[in-house]
1. Please give the charge dipole size of the chain, origin at the Cα centre, charges +1 on K and R Cβ atoms and -1 on D and E Cβ atoms. Round to the nearest 20 debye.
2. So in the chain, what percent of DSSP beta bridges are antiparallel if you round to the nearest 5?
3. What number, rounded to the nearest 500 deg cm²/dmol, is the helix-based mean residue ellipticity at 222 nm of the chain, given -39500 (n - 2.57) per DSSP H run of at least four residues and division by all its residues?
4. What does the charge dipole of the range 195-305 about its Cα centre add up to, to the nearest 20 debye, if the Cβ of each Lys and Arg holds +1 and the Cβ of each Asp and Glu holds -1?
5. If the limit is 30 Å between Cα atoms, which of Lys124/Lys288; Lys121/Lys194; Lys149/Lys201; Lys33/Lys149; Lys33/Lys201 go over it?
6. Taking 7 Å along the Cα-to-C-beta vector as the label spot, tell me the Glu174-Lys293 distance in nanometres, rounded to one decimal.
7. Taking the Cα centre of the range 250-325 as the origin, how large is its charge dipole in debye, to the nearest 20, when only Lys and Arg (+1) and Asp and Glu (-1) carry charge on their Cβ atoms?
8. Quick check on packing: order 192-199, 123-130 by the mean number of other C-beta atoms within 10 Å, highest mean leading.
Amino acid sequence: MKNIRILAVAAAIATQFALPAMAQEQQPFATIKQVDAGVLNVGYADEGPANGPVVILLHGWPYDIHSYVDVVPLLTKAGYRVIVPHLRGYGSTRFLDAKAVRNGEPAALAADVVALMDALKIDKAVLAGYDWGARTADIVAALWPQRVKGLVSVSGYLIGSQEAGKQPLPPSAELQWWYQFYFATERGQAGYEKNRHDFAKLIWQTASPQWRFDNATFDRSAASLENPDHVAITVHNYRWRLGLVAGEAQYAGLEARLAQFPAITVPTITLEGDANGAPHPEPAAYAKRFTGKYKHETISGGIGHNLPQEAPRAFAQAVIDVDHL
């Protein structure tokens, strides 16, 4: 009966997806909880029935948990418990050790998710994300598949390595990564520290050129970028990708495994917006990396990089679909 109920609600949500895209946006998350998990004290939203199947939604840079403000109620109505954590360097998430390295390397963010699952006593969950969140979800699915029931990844397979980062790209592709090179300089770090609000808004505009978000929507998420560790973690992430800084020894083994570009075996749906203005691979370039049950969907209608906030119904339906793939 439980499966029948979930599938029935999923069908109802699928019908709702036919409604106009300009649905009224939900209010911000009412309560942010805090829990010690690994090296962090993590701030997270926890919505829906406590005994429901768990979905963990992971946000990107420079966004925050409000990318999912319209996705969450769709999933909770379908019976899911939905966890939406602030990544390290965002919102109310803080390091437990004031002297800890403000490390932004990909394996560290993935280890944070596993530590959060452990702290919340979640054995297995559907993971879904975009941008940094998609990369993090990909890594957890690749290295800890026993913890992942299903995966929804915007822009597909985003696992990389420092060695791969040494390879030059065509000039047009390098141009899209302008901010990575900016962050490689001390001027860039100082500029982001001084202008993070305007910088983030520029990224939102260029990554989603057809998304007409208002100032209130942007400001709500931009508040999370005031985290005292945000700039250091952002800069470390992009410098690490170029091999300009080292990671931490505790993650070296994980990064070595990721450098082999491991296959992802868990059921997966990859998504792409038809107007994504951020650097992203073509779906055909990564399909073979997913060796379990798999399908890809391109979401039309001028949908950019922040797909869950721009197309929340399609994103929520992908989460429900992958749970039954």
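Read-outs: derived from the displayed coordinates by stated rules, not from any lab. Since the structure is predicted, the reported quantities are computational estimates derived from the model, not experimental observations. Because the Cβ atoms are built from the backbone with ideal geometry, glycine has one as well, and the counts that use them run over all protein chains shown.
1. Values: 29 positive and 31 negative charges, 115 e Å.
With only Lys, Arg, Asp and Glu charged at Cβ, the dipole is about 560 debye.
2. On the way: 11 of 34 bridges.
Of all bridge pairs located within the chain, approximately 30 percent are antiparallel.
3. On the way: 14 runs with 133 residues, N = 325.
Helix-only estimate at 222 nm: -12000 deg cm²/dmol.
4. Values: 11 positive and 11 negative charges, 71 e Å.
Approximately 340 debye in magnitude.
5. Values: Lys124/Lys288 24 Å; Lys121/Lys194 39 Å; Lys149/Lys201 34 Å; Lys33/Lys149 24 Å; Lys33/Lys201 27 Å.
Check vs 30 Å cut-off fails for Lys121/Lys194; Lys149/Lys201.
6. Going by the 7 Å Cα→Cβ label model, 4.4 nm.
7. Values: 6 positive and 8 negative charges, 59 e Å.
Roughly 280 debye for the range 250-325.
8. Values: 192-199: 15.1, 123-130: 24.9.
In descending order of packing, they fall as 123-130, 192-199.
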